[in-house]
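Below: one structure, written as structure tokens.
The values are calculated or read from the model by the stated rules, or taken from the named source; none is laboratory data. What you see is a predicted model; the values in this text were computed from it and never measured. Don't worry about glycine lacking a Cβ; one is built from the backbone with ideal geometry, like all the others, and counts go over all protein chains shown. SASA here: full protein model, heavy atoms, side chains in, ligands and nucleic acids out. Shrake-Rupley method; radii C 1.70, N 1.55, O 1.52, S 1.80 Å.
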Amino acid sequence: MKAIVFADHKSGKITKAGLEAISYAKGMGAEPIVVSYGSLEGDGGAGSAGAAEVVVATAIQQFDGQKLTRLVVKMAEEKGANVMITSHDHAGKMVAPRVAARLDVAMISGATALPSNSNVRKNVFSGKAMADVNLKTDKQVITVMPNSVGITQTDATANVSTTDFDGGNSAVTVKAFHPLSTDGSVPLPEAELVVSAGRGLKGPENWDMIEELAKELGATTACSRPVADSGWRPHHEHVGQTGVAIRPNLYIAVGISGAIQHLAGVNASKTIVVVNTDPEAPFFKSADYGIVGDAFDVVPKLIEAVKEFNANK
Ligand SMILES: Cc1cc2nc3c(=O)[nH]c(=O)nc-3n(C[C@H](O)[C@H](O)[C@H](O)COP(=O)(O)OP(=O)(O)OC[C@H]3O[C@@H](n4cnc5c(N)ncnc54)[C@H](O)[C@@H]3O)c2cc1C
């Protein structure tokens with residue numbers, strides 16, 4: 001069975017979410033053929049995640065959902081692929097549904113586990129339940145939720161070839177591309193460590209300590225929706241039902257009440273730590289560790305503790 005894996009890249013390297021998609025394909029017993037665009041450094045790391053072959057469309061220089069859809073469809077047909085896999089990240093979400101529509105095949109978005117008896121698991125009802133979805137067409141499209149599956153680690157390198165296919169014309173042209181994370185931190189959907197804060201911080205002037213804690217931990221910052229709506233933090237940091245859905249290993253929530261709409265985007269985190277003055281805050285029910293206390297006392301102490309830990313590593 002062959003799988004076309006569309007993988008996005010950053011600075012010549014396949015993104016972590018892309019490597020997870022490759023490993024997912026490998027894990028389901030398929031032969032992953034990676035399709036990417038622009039330029040990669042070598043195989044972009046695809047071989048180490050289980051791919052034997054990488055095809056790069058060098059004429060498509062920047063992300064364009066329509067061009068990349070045509071590229072993936074063309075490669076799927078040329079290679080006789082049975083399944084098309086991509087991450088459930090921004091790039092994957094723009095390409096996968098278009099590919100499924102063009103090929104008229106079944107699609108599952110946001111798979112959280114490898115297929116079992118042709119059923120693929122995903123979260124439904126804002127993460128409050130899981131569904132095992134049966135895909136009935138011979139060919140299928142699957143997007144994989146970031147941080148759901150591990151990355152295969154091998155010493156292998158994939159064979160890289162290029163195609164001059166330019167994807168044709170797009171009805172919409174990308175004129176400028178503004179990466180959301182300019183400070184070098186890991187993008188939220190891929191982050192394994194996240195420090196998040198809410199209205200309990202009182203105002204944007206108090207975010208220095210959240211950024212410092214995140215920096216010491218090597219974490220990415222996030223926030224609740226009212227914080228982004230008030231302009232205290234940029235909108236791309238807003239997590240929850242109407243924001244980014246994340247699954248980090250550690251989610252530290254400071255001064256966030258834990259409303260159901262917030263939990264919908266974060267309750268798949270492996271470990272949740274909550275800091276809140278109100279012992280009745282709903283977030284404590286979902287927390288693995290809870291600190292009832294004032295953020296302005298607790299966070300500086302956490303920063304000191306992490307600094308001491310880092311110094312003694
Ligand atoms: C359709 C819809 C979609 C929504 N989507 C989202 C979404 O995607 N994401 C999202 O986040 N919200 C979403 N919301 C809003 C959500 O319902 C909550 O209103 C919001 O999450 C509350 O944000 P908050 O916890 O930061 O603020 P608050 O509810 O004001 O809570 C602040 C918390 O901080 C605590 N606190 C106060 N002072 C301190 C201190 N000094 N130290 C420590 N703790 C302190 C308080 O005890 C309180 O628990 C949505 C709402 C609707 C209706």
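Going by the structure shown, is V186 out of contact with any Gly (no Cβ under 7 Å at 6 or more places or on another chain), surrounded by 17 or more Cβ atoms within 10 Å (Cβ to Cβ) and under 20 Å from G293 (Cβ atoms)?
Answer is no for this residue.
Somewhere in segment 117-124, is a residue crowded, with 19+ Cβ neighbours inside 10 Å and outside any strand (DSSP E or B)?
No: segment 117-124 contains no residue that is crowded, with 19+ Cβ neighbours inside 10 Å and outside any strand (DSSP E or B).
Could you check I291 against (1) within 14 Å of the ligand (Cβ to nearest atom); (2) surrounded by fewer than 17 Cβ atoms within 10 Å (Cβ to Cβ); (3) over 30 Å from A17 (Cα atoms) and say which number it fails?
(2)
Spot the failing condition for G42; the list is (1) on the phi > 0 side of the Ramachandran plot; (2) not in a loop (DSSP other than H, G, I, E, B), and only one is missed.
G42 satisfies every listed condition except (2).
Taking the residues in segment 196-242 that are buried (at least 21 other Cβ atoms within 10 Å of the Cβ) and under 16 Å from the mean Cα position of the chain (by Cα) as candidates, determine which candidate is nearest to the ligand (Cβ to nearest atom).
G240
Taking K93 as the residue in question, decide whether it is out of contact with any helix residue (DSSP H, G or I) (no Cβ under 6 Å at 6 or more places or on another chain), in contact (Cβ under 8 Å) with a residue 12 or more places away in the chain and surrounded by 15 or more Cβ atoms within 10 Å (Cβ to Cβ).
Answer is yes for this residue.
Enumerate the pairs (first residue in segment 287-300 and within 11 Å of G255 (Cα to Cα) and of a type in the set (A, V, I, L, M, F, W, C); second residue anywhere and assigned to a loop (DSSP other than H, G, I, E, B) and within 11 Å of the ligand (Cβ to nearest atom)) with beta-carbon separation below 8 Å, excluding pairs fewer than 6 apart on the same chain, so at least 6 apart or on different chains.
V292/T277; V292/D278; V292/P279; A295/G255; A295/T277
Within segment 255-284, track down each residue that is near the ligand (Cβ under 6 Å from one of its atoms), among the aliphatic types (A, V, I, L, M) and not in a loop (DSSP other than H, G, I, E, B).
Correct list: V275 only.
Yes or no, residue by residue, for (1) β-branched (V, I, T); (2) farther than 30 Å from K93 by Cβ:
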site	(1), (2)
I260	yes, no
V275	yes, yes
D278	no, yes
N312	no, yes
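Pick out the one residue from V72, V95 that is in a helix (DSSP H, G or I) and over 18 Å from the mean Cα position of the chain (by Cα).
Testing whether each residue is in a helix (DSSP H, G or I) and over 18 Å from the mean Cα position of the chain (by Cα) leaves just V72.
Give me a count of the residues in segment 243-254 that are over 15 Å from the mean Cα position of the chain (by Cα) and within 7 Å of the ligand (Cβ to nearest atom).
Total satisfying the criteria: 1.
Restricting to segment 37-47, give me the number of residues that are open to solvent by 30 Å² or more (accessible area, probe 1.4 Å) and in contact with a helix residue (DSSP H, G or I) (Cβ under 8 Å, 6 or more places away or on another chain).
Number satisfying all stated conditions: 0.
Does segment 251-258 include one or more residues that are surrounded by fewer than 23 Cβ atoms within 10 Å (Cβ to Cβ) and either without any contact (Cβ under 8 Å) to a residue 12 or more places away in the chain or of a type in the set (A, V, I, L, M) (or both)?
No: segment 251-258 contains no residue that is surrounded by fewer than 23 Cβ atoms within 10 Å (Cβ to Cβ) and either without any contact (Cβ under 8 Å) to a residue 12 or more places away in the chain or of a type in the set (A, V, I, L, M) (or both).
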